[in-house]
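The values are calculated or read from the model by the stated rules, or taken from the named source; none is laboratory data. Note that the structure is predicted; figures quoted are calculated from it, not measured. Don't worry about glycine lacking a Cβ; one is built from the backbone with ideal geometry, like all the others, and counts go over all protein chains shown.
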């Protein structure tokens, strides 16, 4: 795509707002799909026909979520994490700091947070995968963007290859048992999450362990690492910083949306034409797997264009506030959702329809967005962002906005990292 013929790059302050707004947009969108994992048996994420009503409005709630949200927002989030690898290490190098020492502590603590999140709260954690994969991709940060993108695509393709070979080699009965678990397994999961915290461990612990071992080696690690490398390339090219022309982003929207939606919709037609049969399950996954990258690119273009048009608008600022507190908001989504659905809270696990779950998503957004805006009026970072930074630099960072301003006045070099990270 040519970058000629459009407007020039935006001001640096607008680029930072656009980056944060894109992160906030992705974080909020992730909940559209994650709420299904919070609220329903795990198998429904792959095969929605195994549990709950799948007709009328509930079918369309699934359809809209699958086509427009599933894997799209988490892909954007992962791209941004990859861009953050470049930004963090570059700033450390400019300050003459020990890059790998800081980076090891940063990602080591992320893994610790992720393990606590997965085993104490929710098995769907992504932080462990991010922390582990980041140790590898940082070694490639000095490669040319074209090389980063090429390697990223190769890594992303590995799960497709693995699933293709598995489809040829696996016993069809084994695929069917995963695609449509026995009723007893569904009932056991319902009972676990409608029970107290100790009862939930019977499902959460083995599921988290599986996701962090065989799941990481066979699927998540490849896609996450590849997406991070793609994000590093896009960051270097200025795509994630709103540093390309308007014409570029318009083309990104047009090409990404048309190609992505076409592939995803063909996938929906394919699985329904085969009556959601286990024999085509692994192949069906590939349509959304690849189409999500194209549609995620379109979303990036849309957010950049909107931020360029309304850099100081209330929507842009609200999304940026959520983006600046994304770590805290990610965990807050888990705390709120598990309090609604699990037995230690309202115990609504498996009791709400897919259409009703969209109402829960909106309700959680209604808490997170204004809370993020209000928090940043008084504090520089989200609470978990502050803790993470303090642990990374092994010194307490100023949390209140007035404290940070005072420290900046005392010494220009006193801040190791700015908000753009």
### Task
Might you let me know whether region 364-387 holds any residue that is closer than 22 Å to residue 44 by Cβ, under 20 Å from the mean Cα position of the chain (by Cα) and free of Cβ contacts under 8 Å to residues at least 60 places away in the same chain?
no
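Check 81, 88 and return the single one that is within 18 Å of residue 130 (Cβ to Cβ), within 14 Å of the chain's Cα centre (by Cα) and buried (at least 17 other Cβ atoms within 10 Å of the Cβ). Talk me through it step by step, then tell me what you get.
Working: 88 fails: within 14 Å of the chain's Cα centre (by Cα).
Exactly one of 81, 88 is within 18 Å of residue 130 (Cβ to Cβ), within 14 Å of the chain's Cα centre (by Cα) and buried (at least 17 other Cβ atoms within 10 Å of the Cβ), namely 81.
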Residue 3: part of a loop (DSSP other than H, G, I, E, B), surrounded by fewer than 18 Cβ atoms within 10 Å (Cβ to Cβ) and modelled with pLDDT of 95 or more, yes or no? no
Exactly one of 379, 341, 349 is touching a strand residue (DSSP E or B) at 6+ places or on another chain (Cβ under 7 Å) and buried (at least 18 other Cβ atoms within 10 Å of the Cβ), and that one is 379
If I filter region 237-245 for residues that are without any contact (Cβ under 8 Å) to a residue 40 or more places away in the chain and either part of a loop (DSSP other than H, G, I, E, B) or at negative phi (or both), do I get at least one hit? no
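Taking the stated definitions as given, is residue 193 touching a residue at least 24 places away in the same chain (Cβ under 8 Å) and closer than 24 Å to residue 158 by Cα?
Details: touching a residue at least 24 places away in the same chain (Cβ under 8 Å): yes; closer than 24 Å to residue 158 by Cα: no.
No: the conditions fail for residue 193.
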Out of (1) at pLDDT 95 or above; (2) over 30 Å from residue 341 (Cβ atoms), the one residue 111 does not meet is (2)
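Given the structure, is residue 227 crowded, with 23+ Cβ neighbours inside 10 Å, in a helix (DSSP H, G or I), at negative phi and in contact (Cβ under 8 Å) with a residue 12 or more places away in the chain?
Values: crowded, with 23+ Cβ neighbours inside 10 Å: yes; in a helix (DSSP H, G or I): yes; at negative phi: yes; in contact (Cβ under 8 Å) with a residue 12 or more places away in the chain: yes.
Yes; evaluated as a whole, the condition is true for this residue.
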Inset, instruction - Determine, yes or no, whether residue 391 is in a helix (DSSP H, G or I), at pLDDT 80 or above and surrounded by fewer than 18 Cβ atoms within 10 Å (Cβ to Cβ). - result: no
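Within region 191-218, how many residues turn out to be buried (at least 17 other Cβ atoms within 10 Å of the Cβ) and either assigned to a helix (DSSP H, G or I) or within 23 Å of the chain's Cα centre (by Cα) (or both)? Show your work before the answer.
Within region 191-218, the first condition is being buried (at least 17 other Cβ atoms within 10 Å of the Cβ), and the residues that meet it are 192-195, 200, 203-204, 207-208, 211-212, 216.
Imposing the further condition that a residue be either assigned to a helix (DSSP H, G or I) or within 23 Å of the chain's Cα centre (by Cα) (or both) reduces the set to 192-194, 200, 203-204, 207-208, 211-212, 216.
Counting residues in region 191-218 that are buried (at least 17 other Cβ atoms within 10 Å of the Cβ) and either assigned to a helix (DSSP H, G or I) or within 23 Å of the chain's Cα centre (by Cα) (or both) gives 11.
Scan region 378-386 and tell me whether some residue there is out of contact with any helix residue (DSSP H, G or I) (no Cβ under 7 Å at 6 or more places or on another chain), assigned to a helix (DSSP H, G or I) and modelled with pLDDT of 90 or more. Quick ask: steps written out before the conclusion?
We begin by selecting, within region 378-386, every residue out of contact with any helix residue (DSSP H, G or I) (no Cβ under 7 Å at 6 or more places or on another chain); these are 386.
Then drop every residue that is not assigned to a helix (DSSP H, G or I), which leaves 386.
From what's left, modelled with pLDDT of 90 or more: 386.
Yes, that holds for at least one residue.
Listed here are the residues, each with its yes/no results for (1) touching a helix residue (DSSP H, G or I) at 6+ places or on another chain (Cβ under 7 Å); (2) within 25 Å of residue 277 (Cβ to Cβ).
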{"residue": "156", "(1), (2)": "yes, no"}
{"residue": "159", "(1), (2)": "yes, yes"}
{"residue": "171", "(1), (2)": "no, yes"}
{"residue": "179", "(1), (2)": "yes, yes"}
{"residue": "202", "(1), (2)": "yes, no"}
{"residue": "217", "(1), (2)": "no, no"}
{"residue": "225", "(1), (2)": "yes, no"}
Looking across region 262-276 at residues that are more than 14 Å from residue 63 (Cα to Cα) and out of contact with any helix residue (DSSP H, G or I) (no Cβ under 8 Å at 6 or more places or on another chain), the single one that is surrounded by the fewest Cβ atoms within 10 Å (Cβ to Cβ) is 275
* Residue within region 160-181 that is surrounded by fewer than 16 Cβ atoms within 10 Å (Cβ to Cβ) and under 30 Å from residue 93 (Cα atoms) present -> no
Selection status of residue 149, in contact with a helix residue (DSSP H, G or I) (Cβ under 9 Å, 6 or more places away or on another chain), within 30 Å of residue 332 (Cβ to Cβ), at pLDDT 95 or above and assigned by TED's automatic domain parsing to the domain that holds residue 335: no
